[in-house]
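Data first, discussion second: the structure below is written as structure tokens.
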């Protein structure tokens, strides 16, 4: 690397600042002839614009400055409420992005394809015109999961409640205590337990 390179100097050394002509302007306070070295905001509706005052007058200006001057209490409250979200628009839960469609003209949310019922105990989608039960998209079933469902005498459309109910029924059916200690169905019981544990780890029940 050439230490006397012009590019090296530009990267490593902060360029010298020249005196800005704006900083030499006079104070904008009526009758003041001092230097206007300090910026003061011009107010609501003129964001990004500033007056230039001397130190004495910028302090006086800031002491009496009120951004909400001329606004009613209701307007001030609305402004403060909107500032919570950065003055960006918001929507009630379940309302944004709804459209008519789906089988039988059923309304769907954000284009999802619905495969099975999911309860809505807190009525989050009530205001959106949806019923108490909404439908939620379900991911594809893998081969190992499909095999476990067949072990529980279920198909791939089975819900979590159906998986649990079938598991409990098969455990009772194949448990040795039910057959007076006969252990002939013990292997089947292991398969049922193993299949249920796999489905549980996969998040299907």
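Laid out as a table, the results:
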quantity	calculated
So residue 151, is it within 38 Å of the chain's Cα centre (by Cα), without any contact (Cβ under 8 Å) to a residue 60 or more places away in the chain and under 29 Å from residue 139 (Cβ atoms)	no
Tabulated pairs, segment 171-194, first touching a residue at least 40 places away in the same chain (Cβ under 8 Å), second assigned to a helix (DSSP H, G or I) and surrounded by 10 or more Cβ atoms within 10 Å (Cβ to Cβ), C-beta under 7 angstrom, 6+ apart or interchain	191/151; 192/151; 192/167; 192/170; 192/171; 192/174
Filter result (in contact with a helix residue (DSSP H, G or I) (Cβ under 8 Å, 6 or more places away or on another chain) and closer than 14 Å to residue 145 by Cα) within segment 156-193	156, 158, 163, 191, 192, 193
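Every number in this text was worked out from the coordinates using simple rules, so none of it is lab data. Predicted model, so just to flag it, every value in this text is computed and none were measured. Reconstructed Cβ throughout: ideal geometry from the backbone, glycine too, with neighbour counts over all protein chains shown.
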